[in-house]
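Derivation of every value follows stated rules applied to the coordinates shown; laboratory data play no part. Note that the coordinates shown come from a computational prediction; the quantities given were computed from them, not determined experimentally. Every residue, glycine as well, gets a Cβ built from its backbone with ideal geometry; the counts of neighbours run over all protein chains shown.
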Amino acid sequence: MSDSLAKTASTAYDAALEVIASVEPRIAAATRQELADQRGSLKLIASENYASPAVLLTMGTWLSDKYAEGTVGHRFYAGCQNVDTVEALAAEHARELFGAPYAYVQPHSGIDANLVAFWSILANRVETPALARLGAKNVNELTEADWESLRHELGNQRLLGMSLDAGGHLTHGFRPNISGKMFHQQQYGTDPVTGLLDYDAVAAKAREFKPLVLVAGYSAYPRRVDFAKMREIADEVGAVLMVDMAHFAGLVAGKVFTGDEDPVPHAHVVTTTTHKSLRGPRGGMVLAQEEFAADVDRGCPMVLGGPLSHVMAAKAVALAEARTTEFQGYAQRVADNAKSLADGFLSRGAELVTGGTDNHLVLLDVSSFGLTGRQAESALLDAGVVTNRNSVPADPNGAWYTSGVRLGTPALTTRGFGHDEFDRVAELIVEVLSSTQAGTTKAGGPSKASYVTGDGVADRVRAASAELLDRHPLYPGLDLA
Ligand code: DSN
């Protein structure tokens with residue numbers, strides 16, 4: 001952003017916060033404080049980023065006030081001409097950026113996008129053939145007996161996805177999640193020795209289980225996936241390949257993942273968020289092959305509430321940004337920086353799941369420091385390093401305490417961090433974790449939550465982080481007290 005635009009943005013935010021403060025000053029204060037906090041900490045949460053002021057400003061408008069259920073040119077409300085413009089533009093940018101035949105930009109989040117994908121797959125592969133068989137145009141025409149039988153059929157489909165502790169997402173068939181309840185589910189994991197995806201094992205499971213849906217994608221797997229291979233597996237068993245690229249959409253958009261690593265040409269349906277490595281507003285999106293377009297289009301109002309028009313507008317702005325060569329450079333730096341971070345850990349003796357990374361994230365196994373993920377996450381937060389604890393494969397500490405900490409490079413790369421800064425970040429993290437010890441419970445046993453960090457370490461690391469952060473200010477030129 002140029003100096004003069006930064007000045008304009010500062011004025012815009014100051015004015016906006018003054019207006020907000022006139023109604024609820026505590027909200028204005030918390031909003032200002034959030035900027036100060038984000039500016040003052042090392043944000044390493046792999047699913048977070050910093051959207052541009054243009055993206056953020058787009059969300060604060062009266063587009064929010066419009067109901068627009070339906071799709072472009074086919075709404076359940078009058079007066080949607082400007083929402084049509086916004087949604088059509090966002091979808092056009094998405095199609096062109098990703099080379100997708102079809103894009104649906106209404107989902108409010110990644111989970112919503114996945115629900116729309118499940119819905120569209122069930123509609124396309126189960127409901128439509130059943131209706132054709134029964135000679136009905138839609139479910140309203142079915143007899144009660146046929147409707148009961150169709151509901152039974154819809155509710156008895158199979159889904160095979162990556163397990164949560166191997167790096168998959170809750171919505172990939174984790175039993176307590178709706179995806180694990182609406183489908184008969186099985187999960188594939190990673191190789192117990194290498195921690196890597198074993199495509200032969202996935203294929204064997206798929207042959208045995210014969211899922212309707214094979215889900216690929218991850219939220220905590222530090223490696224790339226061969227989507228051509230996943231499609232071969234899906235085709236062999238007659239499954240629909242659904243890829244959740246929420247975490248790595250920015251690396252696909254930025255052409256770091258191409259060929260077999262680009263899910264869009266290989267999957268039937270691709271879902272994503274727009275706010276992680278893609279660096280847009282908080283939201284979701286579905287890309288699909290033409291055969292699924294009509295079913296995905298019925299996402300709202302059959303699965304989703306009314307679209308957030310102000311957020312769709314911000315998606316259009318972010319997608320326009322992602323179509324630039326500047327964004328491609330950013331995406332490559334995200335991946336390069338993740339390697340620098342991983343190398344920084346490995347050279348200091350820390351253990352990483354899979355022994356490294358080739359995407360945007362690193363999964364640090366903190367059991368070698370004698371800590372749970374929860375203790376490590378808290379000790380790091382005390383030192384101004386914001387991470388999130390995460391399970392490692394076959395985690396003995398479960399999904400709450402965990403044995404891992406997940407770290408991602410998208411946010412700090414946006415600030416301008418490079419190799420040297422990420423090496424230093426690894427050094428600081430190792431310093432905190434090496435000087436932290438697990439605490440004890442009231443009964444005197446080992447605690448999974450309490451911890452003690454060596455005297456002065458957190459303050460020293462905070463000061464060292466501040467030097468890095470000052471070198472690469474967040475939203476430079478944005479002058480807000
Ligand atoms: N919240 C996302 C993440 O942190 O990966 C998953 O839903």
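About the Cα centre of segment 430-470, how large is the charge dipole given +1 on each Lys and Arg Cβ and -1 on each Asp and Glu Cβ? Please answer in debye to the nearest 20.
Here segment 430-470 has a charge dipole of around 340 debye.
Placing +1 on the Cβ of each Lys and Arg and -1 on the Cβ of each Asp and Glu in the chain, which of 400, 130, 359 has its Cα farthest towards the positive end of the resulting dipole?
The one lying farthest along the dipole's positive direction is 400.
How much length would be gained if the chain were fully extended between residue 291 and residue 434, taking 0.36 nm per residue of separation minus their Cα-Cα distance, in nm to one decimal?
Net length gain for the segment: 46.1 nm.
Helix hunt in the chain: which complete DSSP H runs extend at least 20 Å axially by C-alpha with mean Kyte-Doolittle at least 0.0? Mind showing how you got there, number by number?
Details: long enough: 3-21 (27 Å, 0.44); 25-39 (21 Å, -0.95); 81-98 (26 Å, -0.19); 325-346 (32 Å, -0.38); 419-434 (22 Å, 0.21); 457-471 (22 Å, -0.11).
Membrane-span-like by this rule: 3-21, 419-434.
Set the Förster radius R0 to 45 Å, insert the Cβ-Cβ distance between residue 332 and residue 382 as r into 1/(1 + (r/R0)^6), and round the FRET efficiency to 0.05.
Efficiency computed from Cβ-Cβ geometry: 0.85.
By how many nm would the segment from residue 480 to residue 18 grow when fully extended, if each residue of separation counts as 0.36 nm and the alpha-carbon distance is taken off?
Taking 0.36 nm per residue and subtracting the Cα distance, the gain is 165.1 nm.
Net charge near residue 132, counting Lys/Arg +1 and Asp/Glu -1 over other residues with Cβ under 15 Å of its Cβ?
-3
Order 113-126, 317-330, 336-349 from most to least packed using the mean count of other Cβ atoms within 10 Å.
The packing order, highest mean first, is 113-126, 336-349, 317-330.
Charges on Cβ only, +1 for Lys and Arg, -1 for Asp and Glu, centred on the Cα centroid of the chain; of 190, 410, 225, which one is farthest towards the dipole's positive end?
My answer, from the dipole projection, is 190.
For the residue pair residue 7 and residue 420, what label-to-label distance in nm results when each label sits 7 Å from Cα along the Cα-to-beta-carbon direction?
The two pseudo-label positions are separated by 3.1 nm.
Relative contact order (percent) for segment 355-456, with alpha-carbon contacts under 8 angstrom and 6 or more residues of separation? The partial results should precede the final answer.
On the way: 157 pairs, mean separation 29.4, N = 102.
The normalised contact order for segment 355-456 reaches 29 percent.
Nearest 0.05, what FRET efficiency do residue 198 and residue 153 give at R0 = 45 Å with Cβ-Cβ as r?
Step by step, r from the Cβ atoms, then E = 0.90.
Taking a spot 7 Å from the Cα of residue 427 along the direction of its beta carbon, which residues of segment 329-355 have an amide N less than 18 Å from it?
Taking a point 7 Å out along Cα→Cβ of residue 427, the residues of segment 329-355 whose backbone N falls under 18 Å are 337-350.
Cross-link candidates for residue 339: which lysines have Cα within less than 22 Å, leaving aside residues fewer than 8 places away along the same chain?
Correct list for residue 339: 43, 255, 276.
In deg cm²/dmol, rounded to 500, what helix-only [θ] at 222 nm does the chain give when every DSSP H run of at least 4 residues adds -39500 (n - 2.57) and the total is split over its residues? Spell out each step's value before the answer.
Numbers: 20 runs with 220 residues, N = 481.
Helix contribution divided over all residues of the chain: -14000 deg cm²/dmol.
Could you calculate the FRET efficiency of residue 31 with residue 348 from 1/(1 + (r/R0)^6), where r is the beta carbon distance between them and R0 is 51 Å, rounded to 0.05?
0.85
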